[in-house]
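Chemist: Mind having a look at this structure? Questions to follow.
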């Protein structure tokens, strides 16, 4: 992912222009989501993490829960709208199925503009 | 000694693009103050290697019967003495300005990495071309110069089969400019969970190794730097050399939704097994 689409100048420009960008470890999404992360996939053990030192506000917890509910292990890019609702995702494993991963990633990003 | 590191932060990373813009402006001012770093003092430094076993992992492939012996690792040389010439090979020949970043000579770099294991390489097996090392002149005084390093290297445990890929190594070289001699050297794996990627093809795991480092010498007390850049700025300059995605404006996860609401933009979230801005995943 880091050496593929996220290193494409066209993708970088699009991300900077049209999106708020963030990245996070799976274990930390789980920490933010709290109990909402449990039960997602019993075959996938939850990472062993210490709880966050401060309480997580409800909106952030819901956002993290929405991310985790739609995340595909192990690496995934997700689009959510400005209200924190899921739009689409692009698992990194799918990159290998495309002849032009950069172009495919741009098409993935366009799904956000179609959701207005 | 706090080397700092690009650690996996719960709340993500700062905006590298913004900090790079500030850094470039500062750098432009420093261009007329170049210093020549001379390591012709003829001295040497003894460096100790430490390498702890894997302490935690997700899939425990290193503990499987056929793999256990591969991952019983210890330094090839627990103690090694390097000459100033060995360190000098890491420096460019031309004078440097504060904040300058240069690519480390691969042969010179591997001379140090092989203290861990003879299979050290900067030609990473996953073929992304992200191997190698860079250095940044971070601080200068009339008597000392400090260089910070960032290295991506891995260790071939069994060619074509088993690889040990640390997230990164961050390090420092402290030079006594009067004596033209290295007084301190350190290169170490950041201590955080998920800091090494191991492969026994076709299987992979991300693991935690508490300690993997080279260390030698000691910094004198109370060095009064006449010019310096912040350690974080130097680390960002180094990261940008490895990863073009450093140009993306990243915000911490906990702030992303609020920013999206204010700017009426969607959120693009990358969720990973290991840190985005190093080689652990």
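The values are calculated or read from the model by the stated rules, or taken from the named source; none is laboratory data. On a predicted model such as this, the values are computed, not experimentally measured, just so you know. A quick note on method: Cβ atoms are made from the backbone with ideal geometry, for glycine too, and the neighbour counts reach across all protein chains shown.
Chemist: Restricting attention to the stretch B:85-110, which residues are out of contact with any helix residue (DSSP H, G or I) (no Cβ under 6 Å at 6 or more places or on another chain) and over 20 Å from residue B:176 (Cβ atoms)?
Modeler: Residues satisfying the conditions are B:94, B:102, B:103, B:104, B:105, B:106, B:107, B:109, B:110.
Chemist: Condition test on residue B:194, is it touching a strand residue (DSSP E or B) at 6+ places or on another chain (Cβ under 9 Å) and at negative phi? Quick ask: steps written out before the conclusion?
Modeler: Numbers: touching a strand residue (DSSP E or B) at 6+ places or on another chain (Cβ under 9 Å): yes; at negative phi: no.
Considered against the rule, which asks whether it is touching a strand residue (DSSP E or B) at 6+ places or on another chain (Cβ under 9 Å) and at negative phi, residue B:194 comes out as no.
Chemist: Next question, about the same structure. Given the conditions (1) surrounded by fewer than 19 Cβ atoms within 10 Å (Cβ to Cβ); (2) under 25 Å from residue A:10 (Cα atoms), and given that residue B:269 satisfies all but one, which numbered condition is not satisfied?
Modeler: All conditions are met except number (1).
Chemist: Those residues that are more than 14 Å from chain A (Cβ to nearest Cβ) and over 16 Å from residue B:103 (Cβ atoms), I need them from the stretch B:125-139; list them, please.
Modeler: Scanning the stretch B:125-139 gives B:138, B:139.
Chemist: Here's a follow-up. Tell me, which residue of the stretch B:252-268 that is facing chain A (nearest Cβ under 7 Å) and either in a loop (DSSP other than H, G, I, E, B) or more than 33 Å from the chain's Cα centre (by Cα) (or both) is nearest to residue A:89 (Cα to Cα)?
Modeler: B:266
Chemist: Which residues, taken from the stretch A:1-31, are in contact with a strand residue (DSSP E or B) (Cβ under 8 Å, 6 or more places away or on another chain) and either modelled with pLDDT of 85 or more or assigned to a helix (DSSP H, G or I) (or both)?
Modeler: A:6, A:15, A:19, A:20, A:21, A:22, A:23, A:24, A:25, A:26, A:29
Chemist: Filter the stretch A:106-116 down to residues that are more than 10 Å from chain B (Cβ to nearest Cβ) and either at pLDDT 80 or above or surrounded by 18 or more Cβ atoms within 10 Å (Cβ to Cβ) (or both), then give me how many there are.
Modeler: Residues flagged as more than 10 Å from chain B (Cβ to nearest Cβ) and either at pLDDT 80 or above or surrounded by 18 or more Cβ atoms within 10 Å (Cβ to Cβ) (or both) within the stretch A:106-116 amount to 3.
Chemist: Within the stretch A:7-23, how many residues are without any contact (Cβ under 8 Å) to a residue 60 or more places away in the chain and within 15 Å of the chain's Cα centre (by Cα)? Break it down stepwise before answering.
Modeler: Taking the stretch A:7-23 as the starting set, the residues that turn out to be without any contact (Cβ under 8 Å) to a residue 60 or more places away in the chain are A:7, A:9, A:12-13, A:16-17, A:20-23.
Keeping just the survivors that are within 15 Å of the chain's Cα centre (by Cα) gives A:20-23.
So the answer is 4.
Residue-by-condition table, conditions (1) surrounded by fewer than 21 Cβ atoms within 10 Å (Cβ to Cβ); (2) at pLDDT 95 or above; (3) within 7 Å of chain A (Cβ to nearest Cβ); (4) closer than 30 Å to residue B:97 by Cα:
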residue	(1), (2), (3), (4)
B:204	yes, no, no, no
B:207	no, no, no, no
B:215	yes, yes, no, yes
B:218	yes, yes, no, yes
B:241	yes, no, no, yes
B:245	no, no, yes, yes
B:249	yes, no, yes, yes
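Chemist: Also: Can you name every residue in the stretch B:91-121 that is buried (at least 17 other Cβ atoms within 10 Å of the Cβ), under 30 Å from residue B:227 (Cβ atoms) and under 14 Å from the mean Cα position of the chain (by Cα)?
Modeler: Residues satisfying the conditions are B:101, B:102, B:104, B:109, B:112.
Chemist: Evaluate the following for residue A:51: is it modelled with pLDDT under 90 and within 9 Å of chain B (Cβ to nearest Cβ)?
Modeler: no
Chemist: Now, a different point. When the stretch B:54-65 is examined, which residues are found to be assigned to a loop (DSSP other than H, G, I, E, B) and touching a helix residue (DSSP H, G or I) at 6+ places or on another chain (Cβ under 9 Å)?
Modeler: Correct list: B:54 only.
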